[in-house]
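The values are calculated or read from the model by the stated rules, or taken from the named source; none is laboratory data. Since we're looking at a predicted model, the values are computed, not measured. Every residue, glycine as well, gets a Cβ built from its backbone with ideal geometry; the counts of neighbours run over all protein chains shown.
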Amino acid sequence: MFSSKEEFKKTFTDRIESKGTEKSLELAHEILWEMTNDWIQESWKRTNQLYEENHEKQLYYISIEFLIGRVLGQNLINLNFYNLVKEGLDELGIELSEIEELEIEPGLGNGGLGRLAACFMDSLASLELPGHGYGLRYRGGLFTQHFVNGNQTEQPTNWIKDKNNVDTRREDLAVDIPYYGEVQLVMGLDGMRTKIENPEWVKAVPYDIPIVGANGGTVNTLRLWQAEVSNRSSSVGKEYAVYERETAHITDRLYPDDSLETGKILRLKQQYLLCSASLQNIISNHKSSLEKLPESIAIQINDTHPALAVPELMRILIDDFSWDWERAWDVTTRTISYTNHTILEEAMEKWDSHLIQSLLPRIFLIIEEIDRRFKESLQNQGKDDETLRKLSIIEDGVIKMAVLAVVGSYRVNGVAKLHTEILKKREMKELNEQFPNKFHNKTNGITHRRWLIKANQELSGLVTEAIGSQWMKEPERLSELHYFSQNQSFLQNFQEIKSLKKEQLIHHLQRDQNIIVDPSSIFDIHIKRFHGYKRQLMNILHIQMLYDRIKRDSTYRPYPRTFFFGGKAAPSYHFAKQVIKMINTVATKVNNDPLARQHLHIVFVENYNVTQAEYLIPAADVSEQISTASKEASGTGNMKFMMNGALTIGTFDGANVEIFEQVGQENAFVFGMRAEQVMDYEKNHSYNPKEIIESDVEIEKLMEELVKGDWTEGKANADFIVGQLLHEGDPYFVLKDLQSYAKAHEKILDAYENPIKWAEMGVENIAASGIFSSDRTIQQYSDDVWHLTKVPSIY
Ligand code: CR1
């Protein structure tokens with residue numbers, strides 16, 4: 001872009017002048033955006049040329065979510081221009097961070113699954129691997145959350161601007177997608193073929209986002225589809241205005257509420273648009289050598305949302321290229337692989353057959369045929385009825401997307417060791433027995449370029465001072481920091497940086513929410529989506545216990561702690577919303593109590609998103625990872641905190657298990673039941689929360705207060721929380737683990753008394769975090785599943 005700061009300043013000011021408009025931060029943003037983009041475009045073109053010339057195998061990662069966060073700062077970091085630009089702008093009296101603040105992050109995801117996809121994009125490009133994303137361009141990303149009287153309210157987030165968008169429209173690559181219609185057999189030159197008569201056509205138009213790898217050499221593509229009216233649909237069977245409205249609706253919002261039938265149809269339309277448009281696009285580039293598809297491309301489906309890729313690829317090969325079934329099935333099942341991200345029953349997708357049959361009639365026939373052939377082969381193997389039922393794709397008029405995804409893939413993975421074991425031994429036991437070598441584990445990772453190099457430039461600088469900069473390329477080298485965990489001056493610097501990041505967070509919160517926080521308190525942070533199993537309720541109940549104790553016991557005056565919460569609840573998830581309301585109510589009570597306030601402070605950060613996370617995580621002392629064991633498939637927030645030197649209080653769940661393994665349990669605060677215990681209780685229905693209440697006076701008192709309504713505002717809220725804990729049998733074992741959680745918190749206070757020891761533990765965490773870089777994860781996927789070859793950029 002420019003070889004020196006002076007050159008940058010000159011180009012920048014020239015461009016500002018040439019605009020001839022009034023100078024403003026917005027203008028500075030626009031110019032910086034354009035300058036960065038000019039540079040990226042060059043690299044992007046070069047990367048694509050290299051891929052074409054070398055005919056390298058390409059990976060396509062299909063995902064309904066990509067939570068990429070703000071783009072400008074990350075691109076400058078990856079281009080190695082960040083510091084130069086920052087200093088240059090400084091000299092011109094402009095703060096780069098203020099320019100960055102102008103960017104609205106596109107919230108094209110809900111949580112971990114979408115953020116993982118974004119981390120993977122960054123790692124693929126940074127490892128110089130040919131890997132691209134396919135997703136949807138929702139006009140409204142995830143809703144913006146505000147609290148009104150402690151309740152969550154939801155407003156649409158509009159991230160698309162008039163100009164300087166992160167993406168570029170590619171009208172030339174638009175494709176049409178058929179919905180509804182009737183399947184007809186027609187005579188073609190080469191025999192009978194299937195055709196859909198009178199479908200409702202929708203045009204899918206791609207928008208491309210460049211994914212800039214480290215050092216800027218490789219720039220891959222994230223392609224997002226937008227639904228528009230198609231000119232093939234001149235005679236739709238409904239009023240044109242209705243068709244227009246329904247079409248625009250398809251990519252209007254991320255995850256529409258699917259508790260209603262219309263919501264379900266919309267969701268299915270989204271999924272098919274994503275799969276069909278992506279596959280049409282992929283196949284159009286590989287038409288000449290379809291036989292070699294499994295050697296020239298790999299398709300990864302991120303959870304079951306894109307599982308229709310299996311029947312869609314079959315449809316294309318059979319209907320558009322006249323292949324016979326066996327040949328098409330062989331190629332499909334050697335091209336597609338699948339990642340499972342959850343075993344929660346409610347998240348395992350199941351579609352009513354009649355919905356798919358009416359919306360996607362041809363796809364339905366193909367799924368039926370896949371199911372029929374699969375069952376036939378199982379019968380030939382002499383499988384019993386129970387096994388047959390479990391392995392069937394269509395059961396009682398319902399299509400089980402996870403089974404379809406497993407049967408149609410060559411490899412299937414879980415996202416942490418424990419999760420993969422649970423999949424193999426319980427949830428997908430029969431499938432694993434049927435396909436013994438299909439299942440494998442790929443523990444999640446996070447890109448250290450966003451979560452350490454960008455979010456914590458100060459810590460990143462300190463690390464480099466100590467061990468050199470090679471760790472940025474090979475994050476496992478962070479282990480060299482181990483030798484600095486005994487180095488007093490290093491520890492002191494680490495503490496100073498932690499304080500600085502706390503100050504930055506405080507400044508941000510003050511500006512955003514007018515909240516004042518004591519920088520010397522322990523920052524204990526619980527940020528993630530709101531869900532029963534993530535147990536934000538356990539955290540707030542524990543705070544109530546602390547409050548009671550402070551009031552009751554005049555000798556109990558613990559070191560000040562600030563408990564941060566952040567996260568959104570699905571608009572239709574009533575329980576999660578009640579927990580949000582309760583936390584806000586408890587916060588008001590505790591924060592306004594003059595005595596308690598000296599020891600406890602609760603801060604609920606509104607509208608938690610990627611940008612907020614970049615402020616919160618580097619400032620954390622304690623990372624709350626307290627899900628009910630067996631429920632959190634992996635977690636990735638846990639890794640981000642660890643990499644920033646926070647200590648984990650956590651259960652043996654998801655990737656926590658591997659975090660403890662890496663850093664040693666002596667450098668974390670481990671508590672609670674093991675997955676085995678939880679699953680046994682569930683199997684035998686043998687957990688009774690009443691027994692806990694009866695045998696523990698402290699918990700008994702807490703429940704009494706809850707029933708009385710001391711901790712809630714309005715009876716409905718209290719009734720709901722008590723109802724869940726008592727009458728619904730405390731499904732997430734909150735009361736069961738509460739005392740063990742409280743004890744772990746006491747250990748945290750003890751440990752914090754020795755600041756040097758605390759810092760030492762923090763540094764051990766950073767040193768052990770390298771393995772959780774998504775560069776490691778991606779390299780493993782590439783070695784074991786995709787078999788990609790590095791394409792070194794010529795830049
Ligand atoms: C899991 O709940 C995991 C991410 C990424 C989530 C979380 O534990 O870290 O995926 N699953 O693998 C999910 O969103 C729909 O399922």
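For this structure, a couple of remarks:
- Selection within the range 235-288 - touching a Phe, Trp or Tyr at 6+ places or on another chain (Cβ under 9 Å), part of a helix (DSSP H, G or I) and at pLDDT below 90: K264
- Looking at the range 140-234, the strands (runs of 3 or more DSSP E) lying wholly inside it that each contain 2 or more residues that are aliphatic (A, V, I, L, M) sit at 140-148, 175-179, 182-188, 191-197, 200-212, 219-229.
- Qualifying position, being over 32 Å from the mean Cα position of the chain (by Cα), surrounded by fewer than 15 Cβ atoms within 10 Å (Cβ to Cβ) and touching a residue at least 12 places away in the same chain (Cβ under 8 Å), among E753, E713, E704: E753
- The one condition in (1) free of Cβ contacts under 8 Å to residues at least 12 places away in the same chain; (2) of a type in the set (S, T, N, Q); (3) in a helix (DSSP H, G or I) that S554 fails to fulfil: (3)
- Filtering G131, G112, G181, G150 for residues that are within 16 Å of the ligand (Cβ to nearest atom) and touching a helix residue (DSSP H, G or I) at 6+ places or on another chain (Cβ under 8 Å) leaves a single hit, G112.
- Residue in the range 631-642 that is more than 16 Å from the chain's Cα centre (by Cα), under 22 Å from K502 (Cα atoms) and modelled with pLDDT of 95 or more present: yes
- Look at (1) assigned by TED's automatic domain parsing to the domain that holds Y60; (2) more than 16 Å from the ligand (Cβ to nearest atom) and you find that I301 fails only one, number (2).
- Residue count for the range 626-648, restricted to those that are near the ligand (Cβ under 10 Å from one of its atoms) and of a type outside the set (D, E, K, R): 8
- Meets criteria (more than 15 Å from the ligand (Cβ to nearest atom) and touching a Phe, Trp or Tyr at 6+ places or on another chain (Cβ under 6 Å)) for V407: yes
- In the range 592-619, the residues that are assigned to a loop (DSSP other than H, G, I, E, B) reach residues that are charged (D, E, K, R) with C-beta atoms within less than 8 angstrom, at least six apart or across chains, in these pairs: L595/K551; H599/R557; H599/R561; E606/D512; N607/K568; Y608/K568; N609/E105.
- Elements of type helices (runs of 4 or more DSSP H) contained in the range 651-756, each with 1 or more residues being within 30 Å of L113 (Cβ to Cβ), outside the structural domain of I583 (by TED's automatic domain parsing) and within 16 Å of the ligand (Cβ to nearest atom): 675-684
- Every listed requirement among (1) touching a strand residue (DSSP E or B) at 6+ places or on another chain (Cβ under 7 Å); (2) outside any helix (DSSP H, G or I) is met by T304 save one, (1).
- Residue tally, condition away from the ligand (no atom under 16 Å from the Cβ) and assigned to a loop (DSSP other than H, G, I, E, B), over the range 81-109: 10
- Among the residues making up the range 115-128, a single one is away from the ligand (no atom under 16 Å from the Cβ), at negative phi and not hydrophobic (A, V, I, L, M, F, W, C): S126.
- Within the range 627-650, the set of residues being closer than 22 Å to G114 by Cβ, part of a loop (DSSP other than H, G, I, E, B) and touching a His at 6+ places or on another chain (Cβ under 9 Å) comprises S627, K631, E632, A633, S634.
- Close Cβ contacts (under 6 Å, 6 or more residues apart or on different chains) running from residues in the range 86-104 that are surrounded by 13 or more Cβ atoms within 10 Å (Cβ to Cβ) to residues that are of a type in the set (F, W, Y) comprise G88/F8; I104/W159.
- Filtered residues of the range 500-547 (kept if small (G, A, S) and not in a loop (DSSP other than H, G, I, E, B)): G532
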